[in-house]
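To keep things clear, I will list the structure first and then write my remarks on it.
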Amino acid sequence: MCGRFVISSKLESLRKHFPIDAEAVEIAPNYNVAPTQEIPAIARHDDQNHLEKFYWGLVPFWAKDKTIGSRMINARYETVATKPAFRAALRKRRCLVLANGFYEWKQTNGQKQPMFLTLPDGNPFAFAGLWETWDDNGKEPTPYRSCTILTREAGASVQPIHNRMPVILKPEVFDFWLDPENQDVKALQDIIKYRGHTEFIIVPVSKRVNSIRNNSPENIRPMTSSPQTNLRHRTR
């Protein structure tokens, strides 16, 4: 799964790495992004790719209240096409959730050791996401905009830590993923399975990340290297 991540790049850097046509948000570094917080994502509408903010935790349009979002932070790619909460968004409302890295917890000697995962090149990346709007059947004056991050089975680099990992798309499929005209579910699932990153640099970090109150660059500083704790996994 994906339950915490980091977005630290400035807007100027994000423009260089992602297809952003318009933005109307401020991007502040967040070293401990948690569910239900607002997060930056790119979604296409009006024939443009807009950098916007969505609450993390998808609230389906048919939900009775938005509290369901806290249980919808991830969507399994194996079932996303059939789950009522996600199937319409998969066809028509896809997004790129921007990040610089994510956290996962490894069981070590009966304790959970937080690990920080990044791409080998150190560049920001995009989780495959879905988005929705919810207004309680018109009762809410301002629609609640929310999103979820897709997950898949873990690649070889992540398997020692967890059996699931977030779907991180490669740049060459950004345009296809964002285009709402592309509604072939099989083609979308193939992108998730075959056109994503599976190679990561993985390092242990301080347990300060366990509390969302701790939000600073110290969260991603690698712990002192040792044969037992320093992990660097790569897979082709």
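Since every read-out is calculated from the coordinates, none of them should be taken as a lab result. No experiment lies behind these values; they were computed from the predicted model shown. Every residue, glycine among them, receives a Cβ derived from its backbone with ideal geometry; neighbour counts consider all protein chains shown.
Laid out as a table, the results:
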quantity	calculated
Close pairs (6 angstrom Cβ cut-off, 6 or more residues apart or separate chains): within 21 Å of ILE212 (Cα to Cα) in the stretch 22-43, small (Gly, Ala, Ser) and surrounded by 20 or more Cβ atoms within 10 Å (Cβ to Cβ) anywhere	PRO35/GLY57; THR36/GLY57; ALA41/GLY129
Candidates ALA28, ALA34, ALA63 - the one that is over 30 Å from ARG221 (Cβ atoms), surrounded by fewer than 20 Cβ atoms within 10 Å (Cβ to Cβ) and not polar (S, T, N, Q)	ALA63
Failed item in (1) closer than 21 Å to ILE42 by Cβ; (2) in a loop (DSSP other than H, G, I, E, B), with ASN137 passing the rest	(1)
Filter pass, THR82 being surrounded by fewer than 14 Cβ atoms within 10 Å (Cβ to Cβ) and either under 19 Å from ILE192 (Cα atoms) or in contact (Cβ under 8 Å) with a residue 60 or more places away in the chain (or both)	yes
Residue count, the stretch 85-111 (criterion: of a type in the set (S, T, N, Q), without any contact (Cβ under 8 Å) to a residue 60 or more places away in the chain and not in a strand (DSSP E or B))	1
